[in-house]
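This report concerns only the one structure given below.
The values are calculated or read from the model by the stated rules, or taken from the named source; none is laboratory data. Note that the structure is predicted; figures quoted are calculated from it, not measured. Counting neighbours? That spans all protein chains shown, and the Cβs are built from the backbone with ideal geometry, glycine included. These area figures cover heavy atoms from the full protein model, side chains too; ligands, DNA and RNA do not enter into them. Shrake-Rupley method; radii C 1.70, N 1.55, O 1.52, S 1.80 Å.
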Amino acid sequence: MSAFCCRSVRFLLRLKATFHRAAATSRSHTARAFAALAIGLTGSIAGIGPASAQDYPSRPVRWVIGFPAGGSTDTLVRIMSEWLQSRLGQSVLVENKSGAGSNIATEAVINAAPDGYTLAAVTSANAINATVNKRTLTFDFLKELAPVAGLAQGPSVMVVHPSVPVNSVSEFIAYAKANPGKINMGTPGVGTTGHMAGELFKAMAGVDLVHVPYRGSAPAVTDLIGGQIQVMFDAMVSTLPQIQSGKIRALAVTTATRSAVLPNVPAIAETVPGYEAIIWYGVGVPRGTPTEVVGKLHREINAGLTSAKMKAQLSDLGSTPIIVSPGEFWTFARSETEKWEKVIRQSGAKID
């Protein structure tokens, strides 16, 4: 082999070795770059949760309720939303999505993003609907919502139009039995607390009242004042102003004992032993909402419920605050759901 050929072979071998060293160095640099990128991304992702909870809320919060404006749920939610706005520094927008005994609103919240920007008004209507609409409901509110806090509870009031010639529960029962199927009973809708309070009364008192469902208590109370319907079992929050003005007459409260707000108005149970139907309100969010966000909402809501101003507002409406942990509120909601299932089955109350 010539000297030139030998030198050429040696050159090619050195060139090959250089390529191998360059490739190895490149792979090492690439690996280090990917490792650094992965560490950076991991740090960024790890920081998303706490940062989001710490900065929450950074935009308006939507609070969806299943009844129209002017009803008891709407009234209480607006009182609390005003408090939350001042504490959170963001607007809390109340959205009235009425219909189907609040099921439409509840389902809308269940299907919303679990980020804390959509709240549900959870009420005794949810506990009742879990039984009366069990075959048609597409969700289980106890499983698909997460509890945040309680709000308030209180009595409903059995109220009549002034033209109804009665002044007590016993007189009403006698009048209804003398006029079967002629007295219209208005309710906030099928499956609502007002509906079941009326159905429970019908079953236990043995009277025949014609159910007239509305899309919320506000339009029903308007028709009661106008005389289109003759009786309602509605939340004191909604009926108290009309009772005090003399536009409608209170016969009794639905709690087991009398209310301090209407001390001269008896409990239905004084005439119909064992009768009781309370109405309650709370707050839920879609299941999967960050616990830090739930915790922040819970703290601010309970702070509002313990404030002197809100205590006075609730008292004036005949309601008492429900100040409990999220877990305790859900235990209460579950027990109410089980109670209404038992009451509906044992009383023989009929659902339209």
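Taking segment 231-280 as the range and being over 19 Å from Ile173 (Cβ atoms) and of a type in the set (A, V, I, L, M, F, W, C) as the test, the residues that pass are Ala235, Met236, Val237, Leu240, Ile243, Ala260, Val261, Leu262, Ile278, Ile279, Trp280. Count of segment 315-326 residues, restricted to those that are modelled with pLDDT of 95 or more and either open to solvent by less than 50 Å² (accessible area, probe 1.4 Å) or more than 27 Å from Leu145 (Cβ to Cβ) (or both), is 5.
Would you say Ile279 is crowded, with 20+ Cβ neighbours inside 10 Å and part of a loop (DSSP other than H, G, I, E, B)? Quick ask: steps written out before the conclusion?
Values: crowded, with 20+ Cβ neighbours inside 10 Å: yes; part of a loop (DSSP other than H, G, I, E, B): no.
Here the answer is no, as Ile279 does not meet what is asked.
So is Lys296 of a type in the set (Lys, Arg), open to solvent by 20 Å² or more (accessible area, probe 1.4 Å) and under 27 Å from Ser58 (Cα atoms) or not? When the stated conditions are applied, Lys296 passes them.
Counting just the residues of segment 113-139 that are without any contact (Cβ under 8 Å) to a residue 60 or more places away in the chain and of a type in the set (Val, Ile, Thr), which one comes out farthest from Gln90 (Cα to Cα)? Result: Thr136.
Only one of the numbered conditions (1) surrounded by 23 or more Cβ atoms within 10 Å (Cβ to Cβ); (2) outside any strand (DSSP E or B); (3) aliphatic (A, V, I, L, M) is violated by Ala252, and that is (2). Is it fair to say Lys177 is assigned to a helix (DSSP H, G or I) and out of contact with any strand residue (DSSP E or B) (no Cβ under 8 Å at 6 or more places or on another chain)? Considered against the rule, which asks whether it is assigned to a helix (DSSP H, G or I) and out of contact with any strand residue (DSSP E or B) (no Cβ under 8 Å at 6 or more places or on another chain), Lys177 comes out as yes. As a summary of the residue check, Leu88 satisfies the conditions (1) touching a helix residue (DSSP H, G or I) at 6+ places or on another chain (Cβ under 6 Å); (2) farther than 29 Å from Gln242 by Cβ; (3) surrounded by fewer than 24 Cβ atoms within 10 Å (Cβ to Cβ); (4) of a type in the set (A, V, I, L, M) except for the one numbered (1).
Listed conditions (1) within 17 Å of the chain's Cα centre (by Cα); (2) open to solvent by 10 Å² or more (accessible area, probe 1.4 Å) are all met by Leu305, apart from (2). Check whether at least one residue in segment 262-282 is within 19 Å of Asn184 (Cα to Cα) and out of contact with any strand residue (DSSP E or B) (no Cβ under 9 Å at 6 or more places or on another chain), and report yes or no. No: segment 262-282 contains no residue that is within 19 Å of Asn184 (Cα to Cα) and out of contact with any strand residue (DSSP E or B) (no Cβ under 9 Å at 6 or more places or on another chain).
Each residue in segment 180-206 was checked for being in contact (Cβ under 8 Å) with a residue 40 or more places away in the chain and either among the charged types (D, E, K, R) or not in a helix (DSSP H, G or I) (or both), and 12 of them qualify. Checking segment 229-243 against the condition returns no match, with no residue being modelled with pLDDT under 95, in a helix (DSSP H, G or I) and touching an Asp or Glu at 6+ places or on another chain (Cβ under 6 Å). Of all residues in segment 67-112, those being of a type outside the set (Gly, Ala, Ser), in a helix (DSSP H, G or I), over 20 Å from Leu142 (Cβ atoms) and touching a residue at least 12 places away in the same chain (Cβ under 8 Å) number 11.
Once segment 96-112 is narrowed to residues that are open to solvent by less than 10 Å² (accessible area, probe 1.4 Å) and not small (Gly, Ala, Ser), the residue that is nearest to Thr289 (Cα to Cα) is Val109. Considering segment 207-226, and only residues there that are part of a loop (DSSP other than H, G, I, E, B) and without any contact (Cβ under 8 Å) to a residue 60 or more places away in the chain, the residue that is nearest to the chain's Cα centre (by Cα) turns out to be Tyr214. All conditions in (1) of a type in the set (S, T, N, Q); (2) open to solvent by 30 Å² or more (accessible area, probe 1.4 Å); (3) assigned to a strand (DSSP E or B) hold for Thr136, with the sole exception of (3).
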